[in-house]
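Chemist: Below is one structure. I have some questions about it.
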Amino acid sequence: MNHRIEGVGTNRQSLIARKMLTYNKRQFTENMTGRTIAMVCAALLVIVVLSITYFIASKGLSTFFVDGVSISEFLTQVKWDPEGEPALYGVFPFILGSFLVTALAALIAAPLGIGAAIFMTEIFPGFGKKVLKPVIELLVGIPSVVYGYVGLTLLVPFIREQFDVLGFSLLAGGLVLALMILPTITSVATDAIEAVPQDLRNASLALGATRWQTIWNVVLHSSLPGCLTAVVLGMARAFGEALAVQMVIGNTTKLPGSLLDPISTLTSGITLNMGNTIQGTPYNNALWSMALLLLLMSFVFIMILRFLGRKRLVK
């Protein structure tokens, strides 16, 4: 009898061991499959990014190493006439226009976006989450051509009538871009402010601080890296925007003297001229050099975002 019980116990143990072994093998196979798929996807993503970078860099650097254009003249010269005699490849007006319209859009959209985030999270959270947040998320999905068309039909005529100017201007481009990046800044800033622990607010109020003192000194201070990340994300989108800006800024290579003067940006210069050039010509290579500048600026924005993200984690 004892031998039978011992035999049954041994069989059960061996059965459990076989099941555990089968489960461990299956789990190992699933883990390896998942890791392999993830590594392949990551490697494919790296290959695509490196390929795009190599392609743009090889095209863009041809302006300097094949066509013999000076880098300093390319970046600092104010005259753009690639079809003239001699050809001039000064992209400084495009670079200046890109930075000016991006800075103006950020100056307008950053206070509005962060203020809207504070309103939705600290002032009227119920109304903000139920009404304002869905509306802002809808604005993200509007195509850029719609923003550009609205600026072309409403904003440009308004500026023309009010200031007796052409209407196509740096101001029009900044306002259109500010409207475009406002949802991005608001959404990211809202998430950053919501991530502030409630205990910090309670402690501030318990020490006698008012509601506005708590928001200004505690909430905004704690969420500052996240709010800065929102602004940088908005600037990154504004810097690379082409169609909406192209429709309202005037697209001239002259340096602007005021907010009401027309300008041009790197993106508008590329989109307007790339289709009129022949592949491999100095004119075409110069446009690819402008695209390389845009790519480098994208890398700069990414580095700033990573720096702000690390700073946020440290805090």
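The values are calculated or read from the model by the stated rules, or taken from the named source; none is laboratory data. Values in this document were obtained by computation on a predicted structure and should not be read as measured data. When we count neighbours, we look across all protein chains shown, and the Cβ atoms used for this are built from the backbone with ideal geometry, even at glycine. Side chains included, ligands, DNA and RNA excluded: accessible areas come from the protein's heavy atoms. Shrake-Rupley method; radii C 1.70, N 1.55, O 1.52, S 1.80 Å.
Chemist: Out of Asp199, Asp191, which single residue is out of contact with any Ser or Thr (no Cβ under 7 Å at 6 or more places or on another chain), under 24 Å from Pro134 (Cβ atoms) and open to solvent by 50 Å² or more (accessible area, probe 1.4 Å)? Walk me through how you get there before you give the answer.
Modeler: On the way: Asp199 fails: under 24 Å from Pro134 (Cβ atoms).
Testing whether each residue is out of contact with any Ser or Thr (no Cβ under 7 Å at 6 or more places or on another chain), under 24 Å from Pro134 (Cβ atoms) and open to solvent by 50 Å² or more (accessible area, probe 1.4 Å) leaves just Asp191.
Chemist: Restricting attention to the stretch 233-251, and to residues there that are open to solvent by less than 40 Å² (accessible area, probe 1.4 Å) and part of a loop (DSSP other than H, G, I, E, B), which single residue is nearest to Ala117 (Cα to Cα)? Full working, then the answer.
Modeler: First, the residues of the stretch 233-251 that are open to solvent by less than 40 Å² (accessible area, probe 1.4 Å): 234, 236, 238-239, 241-242, 244-245, 248-250.
Checking the rest, the ones that are also part of a loop (DSSP other than H, G, I, E, B) come to 241-242, 248-249.
Values: Glu241: 24, Ala242: 27, Val248: 29, Ile249: 29 Å.
The selected residue is Glu241.
Chemist: Which residues, counting only those in the stretch 281-293, are touching a residue at least 12 places away in the same chain (Cβ under 8 Å) and open to solvent by 30 Å² or more (accessible area, probe 1.4 Å)?
Modeler: Result: Pro282, Tyr283, Trp288, Leu293.
Chemist: Among the residues of the stretch 57-73, write down those that are of a type outside the set (S, T, N, Q), open to solvent by 30 Å² or more (accessible area, probe 1.4 Å) and at negative phi.
Modeler: Lys59, Leu61, Phe64, Phe65, Val66, Asp67, Ile71, Glu73
Chemist: For the stretch 132-159, give me the residue count where each residue is touching a helix residue (DSSP H, G or I) at 6+ places or on another chain (Cβ under 8 Å), of a type outside the set (A, V, I, L, M, F, W, C) and loosely packed, with under 14 Cβ neighbours inside 10 Å.
Modeler: Counting residues in the stretch 132-159 that are touching a helix residue (DSSP H, G or I) at 6+ places or on another chain (Cβ under 8 Å), of a type outside the set (A, V, I, L, M, F, W, C) and loosely packed, with under 14 Cβ neighbours inside 10 Å gives 1.
Chemist: Could I ask something else about it? If Glu137 satisfies all but one of (1) more than 20 Å from the chain's Cα centre (by Cα); (2) of a type in the set (Asp, Glu); (3) under 22 Å from Leu175 (Cα atoms), what's the number of the condition it fails?
Modeler: Condition not satisfied by Glu137: (1).
Chemist: Scan (1) surrounded by fewer than 16 Cβ atoms within 10 Å (Cβ to Cβ); (2) part of a loop (DSSP other than H, G, I, E, B); (3) not basic (Lys, Arg) for the single condition Gln162 breaks and write down its number.
Modeler: Going through (1) surrounded by fewer than 16 Cβ atoms within 10 Å (Cβ to Cβ); (2) part of a loop (DSSP other than H, G, I, E, B); (3) not basic (Lys, Arg) one by one, Gln162 breaks only (2).
Chemist: Which members of the stretch 202-232 meet the condition of being under 15 Å from Gly115 (Cα atoms), open to solvent by less than 80 Å² (accessible area, probe 1.4 Å) and not β-branched (Val, Ile, Thr)?
Modeler: Scanning the stretch 202-232 gives Leu220, Ser223, Leu224, Gly226, Cys227, Leu228, Ala230.
Chemist: Okay, next question. Can you tell me which of Thr121, Thr76 is within 26 Å of Arg201 (Cα to Cα) and either polar (S, T, N, Q) or open to solvent by 60 Å² or more (accessible area, probe 1.4 Å) (or both)? Steps first, please.
Modeler: Numbers: Thr76 fails: within 26 Å of Arg201 (Cα to Cα).
Only one candidate qualifies: Thr121.
Chemist: (1) β-branched (Val, Ile, Thr); (2) in contact with a helix residue (DSSP H, G or I) (Cβ under 8 Å, 6 or more places away or on another chain); (3) without any contact (Cβ under 8 Å) to a residue 12 or more places away in the chain: which one isn't true of Val78, the others all being true?
Modeler: Going through the list (1) β-branched (Val, Ile, Thr); (2) in contact with a helix residue (DSSP H, G or I) (Cβ under 8 Å, 6 or more places away or on another chain); (3) without any contact (Cβ under 8 Å) to a residue 12 or more places away in the chain, Val78 breaks only (3).
Chemist: Scan the stretch 106-120 and report the pairs whose first residue is within 18 Å of Gly240 (Cβ to Cβ) and part of a helix (DSSP H, G or I) and whose second residue is open to solvent by 20 Å² or more (accessible area, probe 1.4 Å) and among the polar types (S, T, N, Q), with Cβ atoms within less than 6 Å and a gap of 6+ or a chain change.
Modeler: So the pair list comes out empty.
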